[in-house]
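Derivation of every value follows stated rules applied to the coordinates shown; laboratory data play no part. As the structure is a prediction and not an experimental result, all values here were calculated from the model. As a convention, Cβ positions derive from the backbone with ideal geometry for all residues, glycine included, and neighbour counts pool all protein chains shown.
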Amino acid sequence: MRTIMLFLSLTLLISFHSYSQLEFEGVIKSEFKTIQLENGEIKFYNFDTKAQTIIIYNLDNTRWKSIHIPIENNHFFEEIKMISQNTIHPDQEIEIVYTCLTYNYNAIEENPEPEHNAVQFTLNIINERGQKLLSVPNSHEIKLTSVNGKTKLLIFKNGIKSFRDDNEILVYALPNKK
């Protein structure tokens, strides 16, 4: 009987230890965004507007990478659309897709569509060295899709001019993974 009680006590002690409570590790501020890389790693990042740098952190709050984002004169950073490690280019470098905007004000008051000319977006893709891989003016949206096992990059281009609607979808083939 004593052996059974000892065995039950030991079993309860081990079960309580294995189901321990949640352990608080820290806080991530709301201005940070989270991403999951293709290899499953979860990171979070923030854009430093003064340094024009995206800083990517590990989940333990250690800095993983700092990448300078080139922004042209009279343009303002808008948002990060995607961070990729293997999808856009099959190397181990990080590629960042981001948008910038600029304000163009027309002094012509008779223009029937002034809101279309006031803000112009540009979609950019760079690698972690800051090298620009692609820049698409009048574009703001991006989508990855798979067609017959090959990944395609779709960029939605809005080229509104006067009374015409010049929207386009630009299709890019991505390099094959090795």
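Observations on the model:
- Computed log₁₀ I(q)/I(0) - Debye formula, equal Cα scatterers, no solvent, the range 30-173, q 0.14 Å⁻¹: -0.74
- Above-threshold pairs, the threshold being 20 Å between Cα atoms, out of 50/143; 43/81; 132/157; 33/65: 50/143
- Here the range 36-101 is treated with +1 on each Lys and Arg Cβ and -1 on each Asp and Glu Cβ, and its dipole about the Cα centre works out to around 200 debye.
- Taking Cβ atoms as reference points and 14 Å as the exclusive limit, the residues near residue 98 contribute a net charge of -4, counting Lys and Arg as +1 and Asp and Glu as -1.
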